[in-house]
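So the structure is just underneath, and the comments pick up after that.
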Amino acid sequence: MSNGADRSASLEHYVSSQPFDPYSIETLTPDQERIYFASQWRMMWWRFKRHNLALASAAVLGLLYLSIAASEVLAPYNLHSRDAEHIYAPPQRIHLFHEGEFVGPFVYGYSYRLNMENLRREYSEDLGWVQPLRFFCSGDGYSFWGLVAGSFHLLCPAPDGTFFPLGTDRLGRDILSRIIYGARISLTVGLIGILISFALGITLGGLAGYYGGWVDGVVQRLIEIIRSFPELPLWMALSAALPVTWSPVGVFLGITVILGLVDWTGLGRAVRSKLLALREEDYCTAAVLMGARPRRVIFRHLMPNFMSHLIASATLSIPSMILGETALSFLGLGLRPPVTSWGVLLTEAQNINVVALYPWLMLPVVPVIVVVLAFNFLGDGLRDAADPYAGH
Amino acid sequence: MFHYLIRRLMVMVPTLLVISVLVFVIIQLPEGDYLSSYIAELEAQGEKLSREKVDFLRQQYGLDRSPVEQYLVWLGGMLRGDFGYSFEYNLPVSEVVGDRLFLSFLLSFATILFTWAVAFPIGVYSATHQYSWTDHGLTFIGFLGLATPNFLLALVLLYFANVVFGTSIGGLMDPEFIGEPMSWAKFFSVLEHLWIPVIVIGTSGTAGMIRRLRANLLDELQRQYVVTARAKGLPRFRLLMKYPLRMALNPFIADIGNLLPQVVSGAAIVSVVLSLPTTGPMLLAALQSQDMYLAGSFLMFLSLLTVVGMFLSDLALAALDPRIRLTGGTRR
């Protein structure tokens, strides 16, 4: 004991002159602060960023949706302009060099011959006829969003030339332009449809999950019944019931409503099962005891918990709507011209002759595939990011 | 098990009843009925129908009664095997439908077998070789199948089958067998034609199946019992077959409930493109001409097919998974 006292006596007593900060250990560096105080959405963004494919898909979809805003400018031709001299013309290749000399992007003109044996229109490149493309130019007239008349295009054919990079259809209409215009309808069908299905799914699933009991029973049965209908025949039957007297826009809205009405069951189920688990939590009971109404409890306290999951699963069900619209239009039960969607464009490719003679008429399927794939990958990424607190 | 079966059957009856009501409402939705469009057509051709004749026809087809009465008559008829009368064909629906229902059933069944046969090995391979190039490649092909509209794939395959094999693949049998009674030759002809629609319809369902099996199997492969078994020296393949695969198989069977409506939907549109003598094209025609009893019977049959399919998959699941038959909970 005395030994210890000796040793302490030999040590000099040190007192820091710095003011005392009781939180010195717990202070976070700005870097740590950024991570520890990040909001849930910020963390989801970080996690989402790591999913390269999903990020790329989001970019692609973003560009496509932006293109909707300016379809008229992006498309080299008007939606309805026909070129009677170029019916079923094959795609024109874009060249850069003419006879070894750089000319910039141009196309060769068509030379056309009617094969008198089988009456096929035969087009070939006229190598002497160089048609340089024009950029930021004035071309086909249009009415921007049906409001403002204009004729400005990003890209136009040469003054007396043609520019059909994806060929033309049976009326000599440019397929590329029609695809660009078709995006407007095809992409919004999925969005409006998913809004309807989202609203229905949250409301009905929420009621079922929050109240349980007989409400739950009824909603569950309803979901089961709707799910045991095969989707497409049900869509077919419902859209066959749309009155023929409706305007094309009315039919468009009708179709989206039908797509949404049939599709909400998956979301409804997800909401229900989440709510069933969450409503037993203490904070939910606390909210109820403090006099919160069911609507407030559901939307303010419970819903934010799994909103991200819902958005992810909604994203995953947009593709089925886009494909559904395509299928319905293809069967002639969906949208009708003059409304132009990718499905309507594909009705042109309805028989085997098209595959054999005019395969470029099937090109509108490319954007369909791209969009469906992109939504799938995006949904996958969102689903992985939806729960940033789990794992890792 | 027996109790579970009974309970499950009891749930099916009201489900089917509600479905029949819905189907009836849907086929009644379009304005007017077949008769009014028929009369309009006759008048357009210059024929004049007397009021009595119209009333007679209306009474004959039961169109003068209230919708509720019409529904009850339809439902009662269906229970006795009488599916009503097709206006378009002037025949009882059961005669028009003929063996279309059977062929639809055959097509769906073959497609599900195909989906399983493809998805199962690929799913297992993808899970055991996670993040390998083959895994990525197979997943991508699966996604591509999911994203391509069925009808277009059908068209392209139809063309290539025609070019490569030199046979006309449209239809579900060689022309000389149409209307013939069933024979072995006809059966083989059907088999020969069946593969295109089966592949086309199968592609859309396979991707989802592969992904689910892969995810399930990956979960199982990380469990401790797998490590234990490996540590004890069980060969990798034997272990895989014996434990994780069996666990991952349950959702596979339960999935038939999701798969069936999808297959039936796919069959409907592919049949239109390939002009298969199944329910699809006739349903489309019936819907367009407001041939309500014909359309209704088809819708009813397709729903019945899915409901019974789900029932069977629930039974199989209960047989495999004791948790389900003992607690009596339905899946999910």
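Going residue by residue through the range A:271-290, is there one that turns out to be surrounded by fewer than 15 Cβ atoms within 10 Å (Cβ to Cβ), free of Cβ contacts under 8 Å to residues at least 24 places away in the same chain and within 28 Å of the chain's Cα centre (by Cα)?
no
Which number in (1) of a type outside the set (Gly, Ala, Ser); (2) assigned to a strand (DSSP E or B); (3) loosely packed, with under 15 Cβ neighbours inside 10 Å; (4) out of contact with any Asp or Glu (no Cβ under 8 Å at 6 or more places or on another chain) marks the one condition that A:GLU117 misses?
Checking A:GLU117 against (1) of a type outside the set (Gly, Ala, Ser); (2) assigned to a strand (DSSP E or B); (3) loosely packed, with under 15 Cβ neighbours inside 10 Å; (4) out of contact with any Asp or Glu (no Cβ under 8 Å at 6 or more places or on another chain), the one that fails is (2).
Which of (1) under 24 Å from A:GLU72 (Cα atoms); (2) among the β-branched types (Val, Ile, Thr); (3) not in a loop (DSSP other than H, G, I, E, B) does A:THR162 not meet, given it meets every other one?
Of everything listed in (1) under 24 Å from A:GLU72 (Cα atoms); (2) among the β-branched types (Val, Ile, Thr); (3) not in a loop (DSSP other than H, G, I, E, B), A:THR162 misses just condition (3).
Please enumerate the residues belonging to the range A:219-230 that are at the interface with another protein chain (Cβ under 9 Å from one of its Cβ atoms) and of a type outside the set (S, T, N, Q).
A:ARG221, A:LEU222, A:GLU224, A:ILE225, A:ILE226, A:ARG227, A:PHE229, A:PRO230
Name the single residue, out of those in the range A:231-248 being more than 8 Å from chain B (Cβ to nearest Cβ) and outside any helix (DSSP H, G or I), that is farthest from B:LEU305 (Cα to Cα).
Checking each candidate, the answer is A:SER247.
Looking at (1) within 19 Å of the chain's Cα centre (by Cα); (2) within 11 Å of chain A (Cβ to nearest Cβ), which is the only condition B:GLN288 fails?
(1)
Among the listed residues B:ALA295, B:ALA248, identify the single one that is buried (at least 23 other Cβ atoms within 10 Å of the Cβ), away from chain A (no Cβ under 14 Å) and assigned to a helix (DSSP H, G or I).
So the residue among B:ALA295, B:ALA248 that is buried (at least 23 other Cβ atoms within 10 Å of the Cβ), away from chain A (no Cβ under 14 Å) and assigned to a helix (DSSP H, G or I) is B:ALA248.
Quick check on this structure: which one of A:ASP263, A:ASP216 is within 14 Å of chain B (Cβ to nearest Cβ), charged (D, E, K, R) and under 17 Å from A:GLY343 (Cβ atoms)?
A:ASP263
Being under 23 Å from the mean Cα position of the chain (by Cα), within 28 Å of B:LEU259 (Cα to Cα) and either aliphatic (A, V, I, L, M) or modelled with pLDDT of 85 or more (or both) narrows it down to one residue among B:PHE102, B:PHE83, B:PHE114; which is it?
Matching residue, one of B:PHE102, B:PHE83, B:PHE114: B:PHE114.
Please pick out the residue among A:LEU335, A:LEU310 that is modelled with pLDDT of 80 or more, away from chain B (no Cβ under 14 Å) and touching a Ser or Thr at 6+ places or on another chain (Cβ under 9 Å).
A:LEU335
Can we say A:LEU200 is touching an Asp or Glu at 6+ places or on another chain (Cβ under 9 Å) and in a helix (DSSP H, G or I)?
yes
List the residue pairs whose Cβ atoms are under 9 Å apart, where the first residue sits in the range A:51-64 and is more than 12 Å from A:ASN376 (Cβ to Cβ), the second is exposed (fewer than 14 other Cβ atoms within 10 Å of the Cβ), and the two are 6 or more positions apart or on different chains.
A:LEU55/A:LYS49
Looking only at the range B:64-75, decide whether some residue is within 14 Å of chain A (Cβ to nearest Cβ) and in contact with a Ser or Thr (Cβ under 7 Å, 6 or more places away or on another chain).
Checking the range B:64-75: not a single residue is within 14 Å of chain A (Cβ to nearest Cβ) and in contact with a Ser or Thr (Cβ under 7 Å, 6 or more places away or on another chain).
Looking only at the range A:349-358, decide whether some residue is within 12 Å of chain B (Cβ to nearest Cβ), touching a residue at least 40 places away in the same chain (Cβ under 8 Å) and within 18 Å of A:ILE185 (Cβ to Cβ).
no
Go through the residues of the range B:55-70 one by one and say whether even a single one is touching a helix residue (DSSP H, G or I) at 6+ places or on another chain (Cβ under 9 Å) and under 30 Å from A:VAL372 (Cα atoms).
Checking the range B:55-70: not a single residue is touching a helix residue (DSSP H, G or I) at 6+ places or on another chain (Cβ under 9 Å) and under 30 Å from A:VAL372 (Cα atoms).
Against the definition (part of a loop (DSSP other than H, G, I, E, B) and under 23 Å from B:LEU91 (Cα atoms)), how does B:PRO281 come out, yes or no?
Against the criterion (part of a loop (DSSP other than H, G, I, E, B) and under 23 Å from B:LEU91 (Cα atoms)), B:PRO281 does not qualify.
Please list, ordered by first then second residue, the pairs with beta carbon atoms under 8 Å, 6 or more apart or interchain, first in the range A:362-382 and within 11 Å of another protein chain (Cβ to nearest Cβ), second of a type in the set (Asp, Glu) and part of a helix (DSSP H, G or I).
none
The values are calculated or read from the model by the stated rules, or taken from the named source; none is laboratory data. Please read these numbers as outputs of a predicted model, since none were measured by experiment. Cβ sites come from the backbone with ideal geometry, for glycine too, and all protein chains shown count toward neighbours.
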